[in-house]
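Let me begin by presenting the structure, written as structure tokens, before commenting on it.
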Amino acid sequence: MRQLDKYKLLIEKEGGMLVDAVAYVDNRIRVEDEAIDQLKNAARIPGVRKVIATPDIHIGFGVPIGSVVAIKDNIVPSAVGYDVNCGMRVITTPLFKENIDPKSLAESIRRDIPLGEGKRNVSISKEDLKIVLEKGLKGLREIIHKYERLSRVKNEEEEHNDILKTEDFGSMQGNTDAVSSRAIERGHDQLGTLGGGNHFCEIQYVQEVYDYAIAKEMGIEKNQIVIMLHSGSRGLGHQIGGDYMNLARTLTGNISPSKSLSFLPLKENSGRDYVSAMHCAANFAFVNRQIMTMFIRKNFRHYFGNIPMPIVYDVPHNIAKFENYEGENLCIHRKGATRAFPAKKMQGTVYERVGQPVLIPGSMGTASYLLIGEEKAIEALYSVCHGAGRAMSRTKAGGKVKRKDGRVIEEGAISDERFRESMEGIVLICEDKHHIKEEAPDAYKDIDVVIDIVVKSGLAKAIAKMKPLAVLKG
């Protein structure tokens with residue numbers, strides 16, 4: 001390995017690697033040896049053209065979290081992951097920090113949005129779920145009138161504007177023939193649920209604005225209250241990911257760099273079916289965030305009347321897309337990585353003048369950022385980080401805790417006192433109090449350092465910085 005410049009590390013071809021790999025890191029970022037090994041393995045996948053790591057890189061399944069892999073003619077389910085279209089959304093308000101009681105609002109939201117793994121909320125028929133899976137946000141508009149709880153909070157003009165501010169307009173071409181009955185079963189009653197792990201809903205205020213003109217274009221101003229959502233495709237997406245990882249292992253495990261990097265040929269039915277199923281999971285995640293948005297608006301409007309609450313953007317960070325680079329149509333796998341298009345790549349959208357909003361959360365208790373893509377990002381396949389990235393494993397951070405009763409079997413690296421200090425002044429509402437330290441700020445890299453590398457590498461421009469007032473977690 002050698003440093004190309006202050007913020008870019010080259011991992012040169014060796015031992016069957018078909019391409020070099022590049023990591024956007026500096027000496028402030030610790031990178032696990034296992035994550036580097038995973039990047040090297042990704043560079044051995046048949047048809048690979050480019051392998052990139054973002055500064056939030058840490059070990060994952062198959063490829064690291066915080067990686068971008070461009071492949072010709074093949075697709076790798078594990079390079080998307082189990083949580084297809086895990087992603088971010090930011091909702092704005094006309095309110096300011098002094099106008100709200102974060103605790104009351106957070107408690108109110110919790111009554112409408114279940115937190116944690118395995119939770120149920122909005123149940124729709126399997127026939128209507130198939131419409132949602134195949135059409136995404138446009139499908140939701142077709143079936144929403146059938147469900148009283150949703151129709152009470154729907155607003156057609158608002159929903160239309162939300163679609164315009166969602167990547168792919170919230171509707172990817174899905175085909176439920178490629179989705180297993182088990183996935184359908186797991187998804188039909190999980191819409192409107194947050195999930196567990198690192199998923200969250202945060203009530204934030206805009207602490208800093210770095211570019212006032214672009215921030216204004218996005219409806220952002222200093223001290224404003226915004227809501228950030230982080231969630232994915234829940235049990236349905238997990239099932240789809242697992243189904244196709246197993247299929248890939250059966251079909252190509254013996255010719256892949258490792259069993260966990262088994263691939264599916266895009267010219268064969270297996271590859272095409274995975275793309276259709278992945279799109280279904282992505283559509284589910286878009287609709288899931290949309291329904292939670294509707295409930296969040298309902299709760300804010302209970303306190304503040306019919307205030308405008310447009311979204312800034314909705315962006316996936318676990319997805320594979322087909323994009324053209326240097327004259328080749330490639331499958332761009334972004335796993336824990338966010339697309340960051342400059343203005344010229346956003347033509348025909350509401351952000352064609354300024355570029356794509358990039359939503360980067362920190363960790364519970366630390367800042368989140370709003371960026372826009374820059375022209376230079378083409379060298380990283382128009383991709384940047386998706387968050388701070390873990391600095392330690394969940395077990396190391398929180399220790400070993402008995403899930404049923406919370407009995408501590410082995411102490412973690414983060415003490416109760418340190419956790420309380422890191423969350424001082426922030427309202428925390430969580431479902432699993434026994435394991436919450438796994439998500440402590442100290443378990444993650446420094447988000448300010450991660451963003452500094454992205455910005456100084458020229459991949460994206462910082463527009464605003466937000467800090468949490470209340471955090472809802474699984």
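The numbers here are math on the coordinates, done by the rules we state, and not lab data. What you see is a predicted model; the values in this text were computed from it and never measured. All Cβ positions, even for glycine, are placed from backbone atoms using ideal geometry, and neighbour counts span all protein chains on display.
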- Taking segment 309-354 as the search range and keeping residues that are touching a helix residue (DSSP H, G or I) at 6+ places or on another chain (Cβ under 8 Å) and β-branched (Val, Ile, Thr), which one is nearest to LYS376 (Cα to Cα)? VAL354
- Query: Based on what the data block shows, is SER363 closer than 23 Å to PRO468 by Cα, of a type in the set (Ser, Thr, Tyr), under 16 Å from the mean Cα position of the chain (by Cα) and buried (at least 24 other Cβ atoms within 10 Å of the Cβ)?
  - Reply: yes
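Which of the residues that make up segment 177-187 are surrounded by fewer than 20 Cβ atoms within 10 Å (Cβ to Cβ) and not acidic (Asp, Glu)? Spell out the reasoning first.
Quick first cut of segment 177-187, residues surrounded by fewer than 20 Cβ atoms within 10 Å (Cβ to Cβ) only: 177, 180-182, 184-186.
Once the filter is applied, which keeps residues that are surrounded by fewer than 20 Cβ atoms within 10 Å (Cβ to Cβ) and not acidic (Asp, Glu), segment 177-187 yields SER180, SER181, ARG182, ILE184, ARG186.
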- Scanning for something over 21 Å from the mean Cα position of the chain (by Cα), in a helix (DSSP H, G or I), surrounded by fewer than 19 Cβ atoms within 10 Å (Cβ to Cβ) and aliphatic (A, V, I, L, M), does segment 228-251 turn up at least one residue? yes
- Out of all the residues in segment 24-46, is one or more closer than 21 Å to ILE453 by Cα, assigned to a strand (DSSP E or B) and out of contact with any Asp or Glu (no Cβ under 6 Å at 6 or more places or on another chain)? no
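Restricted to segment 288-328, and to residues that are farther than 27 Å from ILE214 by Cβ and without any contact (Cβ under 8 Å) to a residue 12 or more places away in the chain, which residue is surrounded by the most Cβ atoms within 10 Å (Cβ to Cβ)?
Of segment 288-328, the ones farther than 27 Å from ILE214 by Cβ are 288, 291, 294-295, 298-299, 301-303, 305-306, 320, 322, 326-328.
Among the residues that remain, those that are also without any contact (Cβ under 8 Å) to a residue 12 or more places away in the chain are: 301, 305-306, 322, 326-327.
Numbers: ARG301: 13, GLY305: 7, ASN306: 9, PHE322: 11, GLU326: 8, GLY327: 5.
Only one residue tops the list, namely ARG301.
Of the residues GLU411, GLU424, GLU417, which is out of contact with any Ser or Thr (no Cβ under 8 Å at 6 or more places or on another chain), acidic (Asp, Glu), in contact (Cβ under 8 Å) with a residue 12 or more places away in the chain and at negative phi? Show your work before the answer.
Details: GLU424 fails: in contact (Cβ under 8 Å) with a residue 12 or more places away in the chain; GLU417 fails: in contact (Cβ under 8 Å) with a residue 12 or more places away in the chain.
Within the list GLU411, GLU424, GLU417, the selection yields GLU411.
Just name the residue that is farthest from ALA367 (Cα to Cα) out of those in segment 381-398 that are outside any helix (DSSP H, G or I) and of a type in the set (A, V, I, L, M). Steps first, answer last, please.
From segment 381-398, those outside any helix (DSSP H, G or I) are 381-393; that's our starting set.
Now drop any that are not of a type in the set (A, V, I, L, M), which leaves 381, 384, 388, 391-392.
Numbers: LEU381: 26, VAL384: 17, ALA388: 10, ALA391: 16, MET392: 19 Å.
My answer is LEU381.
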- Query: With respect to GLU202, is the statement that it is among the acidic types (Asp, Glu) and either farther than 25 Å from ARG394 by Cα or in contact with a Lys or Arg (Cβ under 7 Å, 6 or more places away or on another chain) (or both) true?
  - Reply: no
